[in-house]
Amino acid sequence: MRMKAAILASIMLVSAACSAAGPGPQQSTEADIALSGPVSITLWHALSGPQQKALDDLVAKFNSTNGKGITVTALNQGGYTQLYQKTLGAIQAGALPELAHAYESFVADYMKADVVVDLGPYKDSKTNGLNKQSQDDVYKGYYDTNTFPQYGNRLLSWPFTKSLAVMYVNEDVLKDAGKAIPKTWDEFEATVRAATKKDSSGKTTRYGFAFNTDASYFNAQVYARGGTLMAADNKTVAWNGKEGLATLQMYDRMNKEATGYTPKGFDFQNDFAAGKLAFFLSSTSSVPFIKDLADKAPFKWSIANLPQTDPAKAKTVQFGANVAVFKSTPEKQLASWLFIKWFTDTEQSAQFASTSYYMPVRKTASDQQVLKDYWVKVPQGKQGFDLIQVSSPEPNVRGQQDIRDVIFNMITEVLTGKSTPEQAIATAGTKANAILKDSQ
């Protein structure tokens, strides 16, 4: 999700206000304490609609069954942009909630003020932590994305609402075009052309592909082409190499051929349902929206991984927000961890996945009947779940929020014909590296 440029001013204020702050307290002993009385904690989040209901239902269950006097109040703060802005304001005002829904890039910025709790000691606590079996049950990629090299490899957040970048496939369109789901990028372009229809005037009436200008889907394509997003030292970007260029060149070709188009808002979903579109890239969390459309006007659709340069080394982007705990009191920090621990245990992980459409945090969630029943009704949910193993996180260093805007602008420059792919990626790479340098 892209942040508006105005947020930069808030980040600078937070950084200046907290630059003199000393190191945070050690968490190792605090992770082992026992709660001595009722504790109330507040969770700020960005969920709405059925996903908010899924969260609220589990929060209510935790409050009534935890047996430790912990009461969680979950409060929606608007969308992710609003949540981020409000949290920055709360840092400045010294009025943070105990925990908050947060992308990795948010957490990296919050750490400028040294307000985030290291969850490593809590995870490893013999009293309140997870045993080895439970720790191993959490997907490795989820640990990777919540462990921050820029901050001493500390575990500064925990997986919460996880999803993946995937390709949505209109199988009716492919059948009409006489094509199978493409596995490689060459196959993908050929299938997009075959699926495209034009009328006698040359106007496209059915497109093969809908462009997505969000940075995460550009990143996913770089991964799928065998590339990386950051240099090994995390000081410069790596998406400005041949893989990123190939992605922009493909967009440019499809745009000029009118086999791909830039949709307005969520028009691509209606086009997909109406048989006017073969493919689009989106999050697995889009499943309920496409399912609703398919229920109203039935058509056959599925989820697949992105095409790959080497299908034997398949890869895509893992994303979705996590949850961070803010420094407060030992009791509130522990209560926050105990809620997170419970919420992402196998039973709750399966329940939340089946009602929110996010990916489960635990591998063993797939053994739960509630999730099996959900997959029978919505097989696309299982198709997404099967791709968790080939997903990799996006960068979690400071400056990534601004770099996402750089990538969005880069793609837009190409699609509007203002820059060639070569010019656009060279300019974007320079801007991104300058942001990283300023953010060290």
(request) Check off (1) without any contact (Cβ under 8 Å) to a residue 40 or more places away in the chain; (2) open to solvent by less than 10 Å² (accessible area, probe 1.4 Å); (3) within 30 Å of V39 (Cα to Cα); (4) not small (G, A, S) for L371 and give me the number that stays unchecked. (result) (3)
(request) State whether one or more residues within segment 287-296 are in contact (Cβ under 8 Å) with a residue 40 or more places away in the chain and crowded, with 24+ Cβ neighbours inside 10 Å. (result) no
(message) Residues to consider are F339, F326; find the one that is of a type in the set (F, W, Y) and within 25 Å of P395 (Cα to Cα).
(response) F326
(request) For segment 422-433, indicate whether the set of residues that are within 27 Å of M167 (Cα to Cα) and open to solvent by 30 Å² or more (accessible area, probe 1.4 Å) is non-empty. (result) yes
(request) Name the single residue, out of those in segment 368-379 being part of a helix (DSSP H, G or I) and of a type in the set (A, V, I, L, M, F, W, C), that is farthest from I425 (Cα to Cα). (result) V370
(message) If I filter segment 171-190 for residues that are part of a strand (DSSP E or B) and either open to solvent by less than 40 Å² (accessible area, probe 1.4 Å) or within 30 Å of K437 (Cα to Cα) (or both), do I get at least one hit?
(response) yes
(request) Scan segment 203-214 and give yes if some residue there is surrounded by fewer than 17 Cβ atoms within 10 Å (Cβ to Cβ) and acidic (D, E), otherwise no. (result) no
(message) Tell me yes or no: at least one residue of segment 305-317 is of a type in the set (V, I, T) and within 30 Å of K126 (Cα to Cα).
(response) no
(message) So, in segment 387-402, exactly how many residues are surrounded by fewer than 20 Cβ atoms within 10 Å (Cβ to Cβ) and among the polar types (S, T, N, Q)?
(response) 2
(message) Return the residues of segment 380-393 that are part of a helix (DSSP H, G or I) and either touching a residue at least 12 places away in the same chain (Cβ under 8 Å) or under 16 Å from the mean Cα position of the chain (by Cα) (or both); say none if nothing qualifies.
(response) Q380, G381, Q383, G384, F385, I388, Q389, V390
(request) Consider T364 carefully, then state whether it is open to solvent by 60 Å² or more (accessible area, probe 1.4 Å), in a helix (DSSP H, G or I), hydroxyl-bearing (S, T, Y) and over 30 Å from L293 (Cβ atoms). (result) no
(request) Could you check A297 against (1) farther than 24 Å from K197 by Cβ; (2) at pLDDT below 95 and say which number it fails? (result) (1)
(request) Consider F280 carefully, then state whether it is of a type in the set (A, V, I, L, M, F, W, C) and assigned to a strand (DSSP E or B). (result) yes
(request) Inspect all residues belonging to segment 51-65 and state whether any of them is free of Cβ contacts under 8 Å to residues at least 60 places away in the same chain and among the small types (G, A, S). (result) yes
(message) Can you say whether L229 is of a type in the set (A, V, I, L, M), under 25 Å from V390 (Cβ atoms) and open to solvent by less than 20 Å² (accessible area, probe 1.4 Å), as far as the supplied structure shows?
(response) yes
(request) Starting from segment 309-322, keep only residues that are more than 13 Å from K162 (Cα to Cα), then list their pairs with residues that are among the hydroxyl-bearing types (S, T, Y) and crowded, with 21+ Cβ neighbours inside 10 Å whose Cβ atoms are within a distance under 9 Å, requiring at least 6 positions of separation or different chains. (result) K315/Y223; K315/S391; T316/Y223; T316/S391
(request) Quickly run through segment 394-435 and pick out the residues that are in contact with a strand residue (DSSP E or B) (Cβ under 8 Å, 6 or more places away or on another chain) and part of a helix (DSSP H, G or I). (result) I403, G429, A432, N433
(message) Condition (residue is within 26 Å of D118 (Cβ to Cβ), out of contact with any Lys or Arg (no Cβ under 7 Å at 6 or more places or on another chain) and charged (D, E, K, R)) applied to segment 41-58: is it met by at least one residue?
(response) no
(request) Hand me the list of helices (runs of 4 or more DSSP H) wholly inside segment 192-274 holding 3 or more residues that are touching a strand residue (DSSP E or B) at 6+ places or on another chain (Cβ under 9 Å) and closer than 30 Å to Q150 by Cβ. (result) 215-224
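The values are calculated or read from the model by the stated rules, or taken from the named source; none is laboratory data. It should be emphasised that the depicted structure is a prediction, and the values quoted were computed from it without experimental measurement. As a convention, Cβ positions derive from the backbone with ideal geometry for all residues, glycine included, and neighbour counts pool all protein chains shown. We work out accessible area using only protein heavy atoms, side chains counted, and drop any ligands, DNA or RNA first. Shrake-Rupley method; radii C 1.70, N 1.55, O 1.52, S 1.80 Å.
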